[in-house]
Amino acid sequence: MPPPQVLQPVLKLKVDELFLNWLSDPETQLVLKEYLDQIKNGQYRSSGGENSLADKSLSFNENNNVASQKNLVEKKPASLGNPSGPASNSTLPSGSNSNSRVPGPGGRLLRRSAQVRTEVPVTTAQSENIPKFYFPQGRPQANLNIDGLISRIEKTFSQFPNERATIEDMGAVAKACECPLYWKVPLFCLAGGDRTGFVSVHKFVAVWRKTLQTCHDDASKFVHLLAKPGCNYLEQDDFIPFLQDVVNSHAGLAFLKEAPDFHSRYITTVIQRIFYNVNRSWTGKITCNELRKSNFLQNVVLLEQEEDVNQLTEYFSYEHFYVIYCKFWELDSDHDLYIDQNDLARHNDQAISQRMIERIFSGTVTRDRRVRKEGRISYADFVWFLISEEDKKTDTSIEYWFRCMDLDGDGVLSMYELEYFYEEQCQKLEAMAIEPLPFEDCLCQMFDLVKPEVEGKITLRDLKRCKLSHIFFDTFFDIEKYLDHEQRDPFSVIREAETEGQEVSDWEKYAAEEYDILVAEEAANDQCNDVHKLRAPLHSDPSTCTRLLHDIRI
């Protein structure tokens, strides 16, 4: 017989989630601040002794939970009557039914309870006046006129033949819905347009009215539009129709029409960058809350306003895609869009240690289990690797490399794990005729750099708090960047850490430099017809760059 299934503490997790939502509510913060100010000023005091404390406790329970008031009454000792009254009122006869024994299962005798509970009438709980503070689908708008919005949508549909909108008409419909322009394909698919080729006014109004009644902010609406039926989160393939429309209709990507093979490559890159920046839980599922905390939807709005996608460097930049794909192409010797450990070891002239490459291929930071078993990683995994390798200051990159270095998965980088990676660095330095720093001295430097809360143990929190995490990681597995740090002025490193956030990120610097190098190399080899090239526009007019675009045969 199989063992009984152990219940998971789901209820506790939900209670904790509700408490955090209540605690983060602005109104709650104001009330707590007011109480704290009263305590600091000495105005919130109890001067009535035990009775006063009891009154305050009772008052609190009355205002928050009527059940607590009932419990207080039940805990009081039952009244045994007036001592001067008749004995029959204060004692129970030996033959009383309330103390009698009755036969139970198996012939055993059971004693009935002798305690008499006083029923207290339950009044309406005053806690109903507490305002709602948990809004998983967004806070409802008090002044939202749904009928007026539906009327504008119907007026827009009246301009189309037979009041049916095609995919080309959905831009106007999206504006009537007060949505960003590039929501048009998700709106089209929501009403079944991807199956019929058009959307009728009645079908669209019905589904959009339901959406407005259940989804109250942009994040919940966007998830509702893109997610699979019954899901409240977004997976990677949910973004494909939305991004395909961006490729097909954005002016800054018009040159890609001549290279349809690269649509999927660009879309894959953008999807990985979305999950890299937005999916902070590493679950592969983007929730409404994660979407609210990110700036992705703001970037979707900017797609409509910005003709040059290269200005949108966090997600949609074509130049960044160009750099990532070219770097992958150089490593992918057989051009099957997968690379093995030997391929990845050639990155940046074998700067990454072999032990770290083994950890990357172990599956600790990759998603495709089937490919991992074959000893390979995909292009999508390479996107995460390259961004993390070139910018080790972001939260995601710190988590990426921490997962790789945490060999036993206990959430702590021990001295054993640090020594494991540092040994290979020492071997590389000796091969270069450079005397390595003894591990004990290196360890002291790293502890001084990170300043862990617990001596001798470095946690993820310590590295995120430290502004020099990139130096820490480079010391243990990136020989080129380690030597670069060693040759730099230590005071300049401190100044950079103090001005963090005021300049462009390390990834943006790297992508801009590499793009210029790649463009110069292609210009020098422009006379070779067999060179595989893919160029982004250098001017705002994409028509001036069509001659620079060549198809890569894979």
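Could you work out what % of the accessible surface of segment 284-369 is carbon and sulfur, using a 1.4 angstrom probe and leaving DNA, RNA and ligands out of the count? Provide the component values of the computation, followed by the final result.
Working: 1460 of 3700 Å².
Within segment 284-369, the accessible surface is 39 percent carbon and sulfur.
For the pair E435/K457, report the inter-label distance in nm, with labels modelled 7 Å from Cα in the Cβ direction.
Simple spin-label model gives 3.6 nm for this pair.
Might you report the magnitude of the Cβ-based charge dipole of segment 401-477 about its Cα centre, with Lys and Arg at +1 and Asp and Glu at -1, to the nearest 20 debye?
I would put it at about 520 debye.
Calculate the spin-label point distance for Q487 paired with R370, positioning each point 7 Å from the Cα along the beta-carbon direction, and give it in nanometres.
Result: 4.6 nm between the two label points.
Pop out the carbon and sulfur fraction of the accessible area of segment 133-235 as a percent, whole number, probe 1.4 Å. Mind dumping the intermediate values first?
Values: 2640 of 5250 Å².
Reported share for carbon and sulfur atoms: 50 percent.
Enter the mean projected area of the convex hull around the alpha-carbon atoms of segment 163-235, in nm², rounded to one decimal.
Details: hull surface 18.7 nm².
If I average the Cα hull's projected area over directions, I get 4.7 nm².
Can you give the net charge of the other residues whose Cβ lies under 12 Å from the Cβ of Q350, counting K and R as +1 and D and E as -1? Mind showing how you got there, number by number?
Values: positive: R346, K428; negative: D343, D349, E424, D478, E480.
Computed value for this residue: -3.
With a Cα-only, solvent-free Debye model of segment 318-392, what are the log10 I(q)/I(0) values at q = 0.11, 0.17, 0.18 Å⁻¹?
-0.24, -0.59, -0.67
Using all Cα-Cα distances in segment 198-287, what percent lands in each 10 angstrom bin from 0 up to the longest?
Pairs per bin, as whole percents: 14, 37, 32, 16, 0.
Shape of segment 261-373 from its Cα gyration tensor (a ≥ b ≥ c, root eigenvalues): rounded if a/c is under 1.5, otherwise prolate when a/b > b/c, or oblate?
Since a/c reaches 1.5 but b/c is at least a/b, the shape of segment 261-373 is classed as oblate.
The values are calculated or read from the model by the stated rules, or taken from the named source; none is laboratory data. Computed from a prediction, not measured in an experiment: that's the story for all the values here. Here Cβ is always computed from backbone atoms with ideal geometry, including for glycine, and neighbour counts include all displayed protein chains. For accessibility, only protein heavy atoms count, side chains too; no ligands or nucleic acids. Shrake-Rupley method; radii C 1.70, N 1.55, O 1.52, S 1.80 Å.
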